[in-house]
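As structure tokens, the structure follows; a few thoughts come after it.
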């Protein structure tokens with residue numbers, strides 16, 4: 001049972017890589033507030049086009065950079081006294097001072113921009129990952145894909161509940177009206193994989209499909225549709241980031257590969273997007289009101305929910321009242337691989 005006043009008896013936050021924005025939402029010389037993990041950050045893009053992420057509070061007298069601050073060159077200028085800080089968190093300028101204090105610095109965070117998305121690395125200790133480069137998503141070249149369709153939701157749910165959907169076979173039938181899917185559940189290097197085949201009745205006919213679920217980390221996973229009619233392929237990137245201990249940001253990016261058939265890819269993109277959003281909203285209605293059972297009563301047709309939870313638990317941030325964990329986990333996004 002979950003303790004009174006708490007919805008979950010599992011840690012609220014995990015560690016690893018998390019998408020915090022789409023690249024197109026941050027122009028040169030622009031900054032924006034990012035609210036994640038119960039904290040506030042300032043995300044900005046310098047005039048050199050590179051992205052930075054620092055804590056939102058100025059170490060001088062506590063003003064928030066995101067509340068009236070600006071980007072000057074490749075640094076953020078505080079709105080209160082115009083102190084400037086670069087991407088490393090170093091104070092680079094105090095216009096009215098002869099000398100910059102040694103302690104004039106703000107915490108900076110590792111960010112990587114790739115595939116039109118901006119990721120931050122986050123752990124409880126505030127450390128820098130050993131490898132700051134995100135591994136490639138094999139068999140994916142964004143130049144061959146249409147402009148993405150993007151969606152963002154703020155949901156009262158733990159990220160683990162969202163990921164459990166991927167291995168919860170019966171809910172595809174009970175909630176979404178799909179045929180009962182067949183799942184192959186396995187691990188591939190550092191990621192968790194589920195290959196699913198199913199069908200759905202649409203437009204007067206039975207549509208058969210295969211989906212590969214690639215779960216790299218709790219903060220990032222994706223769906224790959226490797227074989228669609230007309231030689232098309234599609235990816236759905238799913239980025240799950242806690243806002244605080246109660247709410248989660250879920251960012252979804254739908255990308256469909258271009259085909260030689262005029263207009264076909266856009267029609268397919270519209271269908272996939274419509275189908276994804278339909279099922280998503282059906283799930284969301286349940287997610288926001290469900291209870292969490294750490295020891296659920298399961299039957300033999302319920303899929304691999306407990307396996308998913310065991311895999312997910314290796315990414316929990318260390319708890320102050322718990323012994324040190326010996327779980328093995330990667331500081332990067334695992335290996336994002338797709339198999340045709």
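Annotations
- Number of the exception - residue 7 against (1) touching a strand residue (DSSP E or B) at 6+ places or on another chain (Cβ under 8 Å); (2) touching a residue at least 24 places away in the same chain (Cβ under 8 Å); (3) outside any strand (DSSP E or B): (1)
- For segment 25-40, the condition of being buried (at least 20 other Cβ atoms within 10 Å of the Cβ), farther than 30 Å from residue 306 by Cα and modelled with pLDDT of 95 or more holds for at least one residue.
- Residues that are free of Cβ contacts under 8 Å to residues at least 24 places away in the same chain, more than 25 Å from residue 153 (Cβ to Cβ) and outside the structural domain of residue 296 (by TED's automatic domain parsing) do not occur anywhere in segment 34-44.
- Within segment 155-168, the set of residues being at pLDDT below 90 and under 18 Å from residue 275 (Cβ atoms) comprises 165, 166, 168.
- Scanning segment 248-260 for residues that are surrounded by 13 or more Cβ atoms within 10 Å (Cβ to Cβ) and either over 21 Å from the mean Cα position of the chain (by Cα) or not assigned by TED's automatic domain parsing to the domain that holds residue 170 (or both) returns 257, 258, 259.
- Given (1) in the same structural domain as residue 219 (by TED's automatic domain parsing); (2) outside any loop (DSSP other than H, G, I, E, B), index of the condition residue 113 fails: (1)
- Considering 179, 184, the condition of being surrounded by fewer than 19 Cβ atoms within 10 Å (Cβ to Cβ), out of contact with any helix residue (DSSP H, G or I) (no Cβ under 6 Å at 6 or more places or on another chain) and in a loop (DSSP other than H, G, I, E, B) is satisfied by 179 alone.
- Residue in segment 90-109 that is in a loop (DSSP other than H, G, I, E, B) and under 25 Å from residue 253 (Cα atoms) present: yes
- Search result, residues across segment 49-107 that are surrounded by fewer than 17 Cβ atoms within 10 Å (Cβ to Cβ) and under 26 Å from the mean Cα position of the chain (by Cα): 49, 50, 67, 88, 107
- Residue in segment 272-279 that is in a loop (DSSP other than H, G, I, E, B), within 20 Å of residue 163 (Cβ to Cβ) and either under 22 Å from the mean Cα position of the chain (by Cα) or without any contact (Cβ under 8 Å) to a residue 60 or more places away in the chain (or both) present: no
- The lone exception for residue 218 - which of (1) under 22 Å from residue 9 (Cβ atoms); (2) in contact with a strand residue (DSSP E or B) (Cβ under 6 Å, 6 or more places away or on another chain); (3) free of Cβ contacts under 8 Å to residues at least 60 places away in the same chain it fails: (3)
- Segment 125-173, residues that are touching a residue at least 24 places away in the same chain (Cβ under 8 Å), within 30 Å of residue 282 (Cβ to Cβ) and assigned to a loop (DSSP other than H, G, I, E, B): 137, 139, 140, 146, 148, 156, 157, 158, 168
- Of all residues in segment 285-301, those that are surrounded by fewer than 16 Cβ atoms within 10 Å (Cβ to Cβ) and not in a loop (DSSP other than H, G, I, E, B) total 2.
The values are calculated or read from the model by the stated rules, or taken from the named source; none is laboratory data. None of these values were measured; they are calculated from a predicted model. Note: ideal-geometry Cβ built from the backbone for every residue, glycine included; neighbour counts use all protein chains shown.
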